[in-house]
Amino acid sequence: MAKDALSIIGIQVTGGRSVVLTDRDSVGERAFTYLINPSQLEYACDQYRLTVGESIDYEGLEAVLPWLTEEDFQ
């Protein structure tokens, strides 16, 4: 669902990558993941609703996505 919503705002998550949330400014493709900020996900969910007409529960989607935090990068 996250990949579908992100595609609406021009973020194509390809190559079997999983969507991972981060609190860092550095977002985009990584080896096995695609890092996004929560604000990107929220915007994508809003745009998906406006474009497709179906609502995506942003909070529910955010709750099931994995996170990489600043601590993970140290």
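The values are calculated or read from the model by the stated rules, or taken from the named source; none is laboratory data. Predicted model only: the values in this text are computed from it and were never measured. Cβ coordinates were reconstructed from backbone atoms using ideal geometry, including for glycine residues, and neighbour counts include every protein chain displayed. Keep in mind that these areas ignore ligands, DNA and RNA; they rest on the heavy atoms of the full protein, side chains included. Shrake-Rupley method; radii C 1.70, N 1.55, O 1.52, S 1.80 Å.
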If unit charges are put on Cβ atoms (+1 for Lys and Arg, -1 for Asp and Glu) and the dipole of the chain is taken about its Cα centre, the option from Ile36, Ala63, Leu6 lying farthest towards the positive end turns out to be Leu6
For region 1-73, dividing by residue count, accessible area per residue (probe 1.4 Å) in Å² works out to 61
Note on the chain: the mean projected area of its alpha-carbon convex hull, in nm², is 4.8
Summing -39500 (n - 2.57) over every DSSP H run of at least 4 residues in the chain and dividing by its residue count gives a helix-only mean residue ellipticity at 222 nm, to the nearest 500 deg cm²/dmol, of -11500 deg cm²/dmol
Karplus ³J(HN,Hα) for region 64-69 (6.51 cos²θ - 1.76 cosθ + 1.60, θ = phi - 60°; Hz, whole; x = Gly/Pro) runs 9, 7, x, 10, 10, 10
Within the chain, the percent of DSSP beta bridges that are antiparallel, given to the nearest 5, stands at 25
Taking Cα pairs closer than 8 Å and at least 6 residues apart, the relative contact order of the chain in percent is 32
Ordered by number, the chymotrypsin sites (Phe, Trp or Tyr not before Pro) in the chain that occupy a DSSP loop and have at most 13 other Cβ atoms within 10 Å are Phe32
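Taking 2.2 N^0.38 Å as the expected size of a compact globular protein, what ratio does the Cα radius of gyration of region 1-40 give against it, to two decimals?
Values: Rg = 9.3 Å, N = 40, 2.2 N^0.38 = 8.9 Å.
Rounded to two decimals, the normalised Rg is 1.04.
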With all protein chains present, region 1-73 has a carbon and sulfur share of its accessible area (1.4 Å probe) in percent of 47
